[in-house]
């Protein structure tokens, strides 16, 4: 069994739902990306995020975000040491390898933006001093749908820092029966043992960087991005950062398929989770929202000639 298969199987010992979602999160880990899990309460978002964190032998922190939290609760604060007369940094939960930000859209935009620098540059600035975060660094954030009470909209620049936004959906009947029988969230998650070391994760991430992306496929990604920017029903198209994210997700997908080169399907399969939250559709789409954006992206894919 490959290392990736071991990681996947370890997560599925506890999380009994959508296996595609598990593959998406593993892909994000390999691509050095962050993932936003959005769905209704009670479908296993926190269980899934905790399972992948516990499957890696590295530092793990969890923040239960609430409306009264401030940025210092996430980043940390400088405390005066009477013995030395100096200020000493009391590190916040962001100083970790895997950070579970639970219900991120229940805290205020001010606290949400405290994560921006860390997610983009793997560093944080506190009292004018830059602190580099240890690698690997990954944010697993969960959120409830926006129409739920007590939620704040994530700003576009925050959403853009997530490599993927995924949804779990409800489990099928057989999976839900197993949940009722085993109650894995309560009984099994604490017994989950890591199958990857921190050093091994970094090694796998370096191997993903070496996966070959042909120039024809680069041109395909660029053509797709430009088409989103020029589409009359799209107000904000895919940014260059979004193009880079799509390319890196495609490399990680190819690596998971035990290939050292990307094929067009690796790109197409990642367009929905990577691009939907980065593209802002025009106001004329009304309440259709994310589904309408997904349909627009599918029509753009169909309109672009796919390289052989």
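Every number here is computed from the coordinates shown, using simple stated rules; none is lab data. This one's a predicted model, so the numbers in the text were calculated from it and none came from an experiment. So basically every Cβ, Gly included, is an ideal-geometry build from the backbone, and we count neighbours across all protein chains shown.
Cα-based values for the range 211-303, radius of gyration first and Dmax second, are 13.3, 43 Å. In the chain, the DSSP beta bridges split such that about 40 percent are antiparallel, to the nearest 5.
Arrange the following residues from fewest to most other Cβ atoms within 10 Å of their Cβ: 106, 13.
13, 106
The angle between the Cα long axis of helix 240-256 and the longest principal axis of the Cα atoms of the chain comes to about 90 degrees, rounded to the nearest 10. Counting only DSSP H runs of at least 4 residues, each contributing -39500 (n - 2.57), and dividing by the residue count of the chain, the helix-based mean residue ellipticity at 222 nm comes to -13000 deg cm²/dmol. Legend: ranking of residues 231, 190 from fewest to most surrounding C-beta atoms inside 10 Å; resulting order 190, 231. As a rough footprinting exposure proxy, the listed residues 39, 266, 291 were ranked by other beta carbons within 10 Å of their own, and the order from fewest upward is 291, 39, 266.
When ranked by the protection proxy of mean other Cβ atoms within 10 Å per residue, highest first, what sequence do the peptides 122-131, 215-224 form? Let's see the in-between values first.
Details: 122-131: 12.8, 215-224: 15.8.
The most tightly packed comes first, giving 215-224, 122-131.
Expressed in whole Å with the largest first, what are the equivalent ellipsoid semi-axes of the chain derived from the C-alpha gyration tensor as the square root of 5 times each eigenvalue? Walk me through the numbers before you get to the answer.
Details: eigenvalues 186, 117, 95 Å².
So the three semi-axes of the chain are 31, 24, 22 Å.
When only Cα pairs under 8 Å and 6 or more residues apart are kept, what is the percent relative contact order across the chain? Let's see the in-between values first.
Numbers: 515 pairs, mean separation 66.1, N = 308.
Relative contact order, the chain: 21 percent.
Can you give the angle from 0 to 90° between the axis of helix 3-12 and the longest principal axis of the chain, with both taken from C-alpha atoms, to the nearest 10? Result, in degrees: 70. Could you work out how far helix 215-230 tilts from the main Cα principal axis of the chain, as a 0 to 90 degree angle to the nearest 10? With both axes taken from Cα atoms, the answer is about 90 degrees.
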